[in-house]
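In what follows, a single structure is set out as structure tokens and then discussed.
The values are calculated or read from the model by the stated rules, or taken from the named source; none is laboratory data. Note that the coordinates shown come from a computational prediction; the quantities given were computed from them, not determined experimentally. FYI the Cβ positions are ideal-geometry reconstructions off the backbone, even for glycines, and counts take in every protein chain you see.
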Amino acid sequence: MNKGVKFTGIPSEEELLSIPGRPGEERLEKGPVAFIECVQEIPCNPCEKACPFGAITVGQPITNLPALDADKCTGCGICIPSCPGLAIFKIHKNYTDTTALVEFPYEYYPLPREGENVFCGDRAGKFITQGKVVKVKNPKAYDGTSVITVEIPKAYCLEVCTICREEDC
């Protein structure tokens, strides 16, 4: 069976496990960190240019997958809206004892409101869990890509990456 981005538009588990933009479990425990799910070797490097800490490297050739130096990543999130493929998230696994924060790009309207309870989805847009919108960022510098932060149960922090647009998602 054909799986993965080329066939379904959704990264397969094998693709996700092999990418160099994924922080390890030890780094996830330390605090907010970028999570780069870029699995296609295409000419692209805005994330590398956006990171003020040098935590993201594409290098040469420009078709390399972005690599994350998780120890350099401060979790600032500046890289999130710079990715034209909407493939960068930020995870704060230990926001509280039971919840995590996930910050992701969002290009739909209407935008959610801070404090709003929302249906959170996985990479395929399928409902996983409910979450609460903690922050909505949409400055002009983001060029139309809003960045949404949701608080969710910690168990789903590696799966949630969007807000479902309809209740029956």
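Say whether the condition of being farther than 20 Å from residue 159 by Cβ and modelled with pLDDT under 95 is met by at least one residue in the stretch 21-41. Yes; the residues of the stretch 21-41 include at least one that is farther than 20 Å from residue 159 by Cβ and modelled with pLDDT under 95. Restricting 129, 149, 96, 63 to those that are farther than 19 Å from residue 38 by Cβ and assigned to a loop (DSSP other than H, G, I, E, B) reduces the list to 96.
Under the condition of being under 30 Å from residue 96 (Cβ atoms), of a type in the set (A, V, I, L, M) and either touching an Asp or Glu at 6+ places or on another chain (Cβ under 6 Å) or surrounded by 19 or more Cβ atoms within 10 Å (Cβ to Cβ) (or both), the residues counted in the stretch 32-69 number 6.
Anything in the stretch 88-110 that is closer than 23 Å to residue 165 by Cα and modelled with pLDDT of 95 or more? List them, or say none. Listed by number, the residues that qualify are 88, 89, 90, 91, 99, 100, 101, 102, 103, 104, 105, 106.
Of the residues 75, 115, 54, 85, the single one that is among the small types (Gly, Ala, Ser) and at pLDDT below 95 is 85.
One residue alone among 145, 98, 129 is in contact (Cβ under 8 Å) with a residue 24 or more places away in the chain, closer than 27 Å to residue 20 by Cβ and β-branched (Val, Ile, Thr), and that residue is 145.
Within the stretch 32-53, the set of residues being outside any loop (DSSP other than H, G, I, E, B) and either over 20 Å from residue 123 (Cβ atoms) or acidic (Asp, Glu) (or both) comprises 46, 48, 49, 50.
Starting from residues that are among the small types (Gly, Ala, Ser) and modelled with pLDDT of 95 or more, keep the ones in the stretch 131-157 and report whichever is nearest to residue 46 (Cα to Cα).
Ranking the candidates gives 146 first.
This table checks each residue for (1) assigned to a loop (DSSP other than H, G, I, E, B); (2) farther than 21 Å from residue 53 by Cβ; (3) free of Cβ contacts under 8 Å to residues at least 24 places away in the same chain.
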site	(1), (2), (3)
81	no, no, no
105	no, no, no
108	yes, yes, no
114	yes, yes, yes
134	no, yes, no
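Looking at the stretch 104-113, can you tell me whether even one residue there is in contact with a Gly (Cβ under 6 Å, 6 or more places away or on another chain) and surrounded by 14 or more Cβ atoms within 10 Å (Cβ to Cβ)? No, every residue in the stretch 104-113 fails to be in contact with a Gly (Cβ under 6 Å, 6 or more places away or on another chain) and surrounded by 14 or more Cβ atoms within 10 Å (Cβ to Cβ). Of all residues in the stretch 17-31, those satisfying the criterion of being outside any loop (DSSP other than H, G, I, E, B), surrounded by fewer than 17 Cβ atoms within 10 Å (Cβ to Cβ) and not basic (Lys, Arg) are 17, 18, 25, 26, 29.
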